[in-house]
Amino acid sequence: MKLGAFLISLNVKDIKTSKEFYEKLGFTVFAGDIDKKYLILKNESTVAVCLKVYLTKIC
């Protein structure tokens, strides 16, 4: 049975650091815009990670 793609959304404080971390794990930027504070990264198979900068301050 083929399940298709999975998308995991994560809130991050530093999108550039998070992007570098996931690139070290083999992910590449698939969509998004770092200037608009969100990226979608994909690995070789079917897993995608959506990184989005916090919109509000978390205490």
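Any read-out appearing in this document is the output of simple, stated calculations on the displayed coordinates, not a laboratory observation. All values derive from a computational prediction rather than experimental measurement. All Cβ positions, even for glycine, are placed from backbone atoms using ideal geometry, and neighbour counts span all protein chains on display.
What is the packing order of peptides 22-28, 34-40, taking the mean over residues of other C-beta atoms within 10 Å and listing the highest first?
Result, highest mean Cβ count within 10 Å first: 34-40, 22-28.
For region 6-53, what log10 I(q)/I(0) values come out of the Debye formula at q = 0.28 1/Å, with one point per alpha carbon and no solvent?
So the normalised log intensities work out to -1.07.
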